[in-house]
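Enquirer: Take this structure first; my questions come after.
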Amino acid sequence: MTPLLSLLLTILVVLAAAYLPGYVAVRALDGSRLLALALAPALAAAIAGISAVAASVLAWHWSMLPFLLGAAVLLAVAFGLRRLGVRLPSTILDGALSPRRAVPGGALWMIGALAVSLVPIAIRAGRPDAILERWDTLYHLSALQRIRETGDASSLHVGSVSNSAGDPTFYPAAFHALAAVVPGVTTPTLLNGTVLALAVVPWILGIALLARALFPTTGWAPFAAAITAALIPASPVDLWMHLSPVPNLSGFAALPGVIAAAAALWGALLPRFTLRPVVASLLVLGLAGAGLGLMHPNVAVTALILLTALTAVTGASSWRRRPWLVVVPVLTLLPVVLLSYTPLGSQVTGFNGGLVVQWWLALGEVALGLLTVWPMALGVVLAMLWWPGLISAFRTATWRWLAVAWVVIAVIYLDAALDSPLNLSTLYYRGQDRVSMPLAMLSAVLVVPGLQAWARLLVRSRGEARTPGAARADLRPARTVTVILVIAAVAAALSSVPSRSDNAAKNLAADYPGRGRFLQADERALFEQYVPEMDQDGTLLASPFSGGAHLYAMFGQDVRLPVAGMAYTDLDRQLIYATEDAATDPASCRVLEENGIHYVYQERMPYNRHTTSDSLNVAGPDLGIVLFETDHSRMIQIDCDPGDGSYDPA
């Protein structure tokens with residue numbers, strides 16, 4: 001199978017896994033088609049994440065089969081509940097996404113927006129199995145390879161890849177479990193295809209569905225929101241290129257659909273709560289929330305924050321008649337508070353770091369749409385649309401929760417940008433990169449009322465026609481203005497292509513000035529030529545900041561330190577330091593052999609300097625047989641026997 005076909009197969013299989021089980025389950029509970037589409041990706045993440053844990057407990061090898069068994073259990077429960085009369089209520093998401101021909105040539109416009117967003121990345125990648133030069137990419141490649149090697153995709157165990165002892169540690173692995181159901185594809189292609197599937201389709205469709213839930217009488221609203229979602233800076237695809245926090249961005253791509261479903265179900269239940277629809281709604285939303293959490297916990301945290309804004313703002317008018325409704329936003333906010341300010345979230349809240357900027361620059365990023373994930377001029381153009389939309393949302397009761405949610409997320413973004421002592425962004429690792437995505441999501445939806453506000457202003461500026469003839473004449477400038485605006489919009493979108501191309505080049509091009517590389521182009525070519533001939537059971541010792549660390553994910557070669565940023569054990573340090581004089585000291589060389597080290601990989605141009613791992617680069621070629629060498633790297637097969645009869649392998 002060619003690499004391109006492998007990529008397409010991965011995308012199709014992952015999308016089928018992401019949509020079919022959840023869609024059928026929601027339909028079984030009498031949910032509408034749009035509601036089912038909105039919830040499906042998060043439900044699929046829950047199926048994959050929970051089934052992977054169960055499969056590990058039962059000692060089953062993770063593959064498509066246990067995923068399908070998990071899906072079958074969900075469907076059986078859904079059909080069983082339906083027989084008991086537990087069904088989802090009718091919601092605002094009943095019916096079609098938008099009227100036919102609401103936007104002439106809408107499909108072509110959507111294809112064009114996707115091309116602007118994705119083609120620069122594809123060109124810079126050059127090949128389906130291209131590897132992004134980011135720390136997180138190396139982690140997720142190695143995590144996928146570990147799952148395929150061990151058959152264990154449990155979130156309780158996947159973190160073992162980050163320590164050389166193989167000790168099981170927690171890491172949210174729903175993304176990896178979904179990816180690993182695809183057989184017969186190389187790990188780099190598998191990662192790229194899964195990210196493309198989960199970062200693009202759920203994000204764009206989910207934002208379209210959120211617009212449909214909020215603006216049901218505006219036929220073009222889903223289309224406008226979808227186009228904006230495809231183009232807006234700080235989308236999940238942009239964050240993939242920027243930082244590559246893959247579970248984060250995949251979870252945030254599924255978030256809009258969950259919020260659309262929650263808004264629709266809350267709107268249906270708020271006038272009159274009845275037991276069975278409430279139970280069905282809580283079950284599907286709870287399972288979807290679990291799926292978001294198993295993608296990454298801070299996505300679930302964001303969902304709870306948005307649900308707090310939704311239920312508090314829309315329910316406030318009913319608190320006097322039904323005071324118990326106050327409990328709903330309290331319950332949605334309580335886990336966020338507990339995780340932020342108690343030891344429950346200590347694994348995240350203890351993190352220090354992140355990009356800190358001046359207060360005026362942070363305000364400028366939010367106000368001008370120049371969010372930290374690769375800001376581009378297009379963001380300013382879109383800000384001119386969503387700012388009027390934000391004002392309109394505050395003035396309109398049914399939309400006000402959206403405006404409040406935007407302000408809350410913007411405040412969290414500012415907290416992260418300033419490293420504020422308030423610690424509002426502590427569950428996001430104090431990183432505005434991750435907060436950028438929900439802020440972009442809300443901004444994309446606010447473009448709809450923003451466009452309506454600009455349209456009203458244009459109509460007022462033209463004035464009212466006084467005669468039928470004048471009315472006909474008045475249409476001509478309207479068409480002219482429309483054409484001019486469409487041309488300007490196309491030009492603004494196309495103007496982002498150079499920025500997108502340069503941004504992708506920073507982490508995809510073979511070389512980029514001022515940015516290090518884990519994997520150089522020439523050494524990858526040599527890997528493909530020589531590594532298949534190496535002993536697969538012989539361990540490679542290489543700095544995790546070098547290209548050697550990729551050999552585990554690319555070829556299944558055993559690598560002692562396959563993840564950048566690993567916590568070294570005492571034995572790891574002993575082995576690294578032993579390489580310094582192993583060529584001349586038989587005792588040091590024997591330490592390497594006794595611990596299964598057959599190869600040492602040296603890198604004179606590492607991605608990152610690290611005092612301990614840089615010791616690997618001290619030894620000369622006398623350590624053994626040089627298998628291959630480039631201007632910046634060398635692969636040595638260890639040979640401790642000097643050939644004079646003095647070597648004792650025992």
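The values are calculated or read from the model by the stated rules, or taken from the named source; none is laboratory data. All values derive from a computational prediction rather than experimental measurement. Backbone-built Cβ (ideal geometry, glycine too); neighbour counts: all protein chains shown. Only protein heavy atoms, including side chains, enter the accessible area calculation; ligands, DNA and RNA are left aside. Shrake-Rupley method; radii C 1.70, N 1.55, O 1.52, S 1.80 Å.
Enquirer: If you take every residue apart from ARG573 with its C-beta less than 13 Å away from the C-beta of ARG573, what net charge results, scoring Lys and Arg +1 and Asp and Glu -1?
Expert: -3
Enquirer: Next question, about the same structure. I'd like to know how the chain sits against the 2.2 N^0.38 Å rule of thumb: what's its Cα Rg over that expected value?
Expert: For the chain, the normalised Cα radius of gyration comes out at 1.05.
Enquirer: Helix 521-530: angle to the longest alpha-carbon principal axis of the chain, degrees 0 to 90, nearest 10?
Expert: Compared with the principal axis, the helix lies near 60 degrees.
Enquirer: State the answer as a single residue: which of VAL497, LEU526, GLY538 lies farthest towards the positive end of the charge dipole of region 485-544, with beta carbon charges of +1 for Lys and Arg and -1 for Asp and Glu, about the Cα centre.
Expert: Farthest towards the positive pole: VAL497.
Enquirer: Quick one: putting +1 on the C-beta of Lys and Arg, -1 on the C-beta of Asp and Glu, what dipole do you get for region 47-142 around its Cα centre, in Debye to the nearest 20?
Expert: With Lys and Arg at +1 and Asp and Glu at -1, about 400 debye.
Enquirer: Once the Cα gyration tensor of region 551-650 is found, what semi-axes does its equivalent ellipsoid get, as square roots of 5 times the eigenvalues, in whole Å, sorted largest first?
Expert: Rounded to whole Å, the semi-axes are 22, 16, 13.
Enquirer: Follow-up question, since we're still on this one. Give me the net charge of PRO168's neighbourhood, meaning all other residues with Cβ under 14 Å from the Cβ of PRO168; Lys, Arg count +1, Asp, Glu -1.
Expert: So the environment of PRO168 carries a net charge of -1.
Enquirer: Could you tell me how many degrees, from 0 to 90 and to the nearest 10, lie between the Cα long axis of helix 377-395 and the main elongation axis, the longest principal axis, of the Cα atoms of the chain?
Expert: On a 0 to 90 degree scale, this one is about 40.
Enquirer: Report the relative contact order of region 511-650, percent, no decimals, based on alpha-carbon pairs under 8 angstrom and at least 6 residues apart.
Expert: About 25 percent, as a whole number.
Enquirer: Related question: Please work out the Cα center distance from region 390-447 to region 494-520, rounded to the nearest Å.
Expert: Their Cα centres are 29 Å away from one another.
Enquirer: Placing unit charges on C-beta atoms (Lys and Arg positive, Asp and Glu negative, everything else neutral), compute the dipole magnitude of region 595-638 about its Cα centre in debye, rounded to 20.
Expert: Dipole magnitude for region 595-638 comes out near 80 debye.
Enquirer: Restricting things to alpha carbons, tell me how big region 185-248 is in terms of Rg and Dmax, in Å.
Expert: Every Cα atom of region 185-248 included, Rg and Dmax give 13.9, 47 Å.
Enquirer: Now for a separate question. Output the relative contact order of the chain, whole-number percent, from Cα pairs under 8 angstrom with separation of 6+ residues.
Expert: 14
Enquirer: Given charges of +1 on the Cβ of Lys and Arg and -1 on the Cβ of Asp and Glu, with all other atoms neutral, how large is the dipole of the chain about its Cα centre, in debye to the nearest 20?
Expert: That gives a dipole near 5480 debye.
Enquirer: Also, quick follow-up: With a 1.4 Å probe and all protein chains kept in place, how do TYR171, TYR552 rank by accessible area, largest first?
Expert: Putting TYR171, TYR552 in descending order of accessible area: TYR171, TYR552.
Enquirer: With unit charges on the beta carbons (Lys and Arg positive, Asp and Glu negative) and the dipole taken about the Cα centre of region 573-622, which residue among LEU575, ALA587, MET605 sits farthest to the positive side?
Expert: Towards the positive end, the residue furthest out is MET605.
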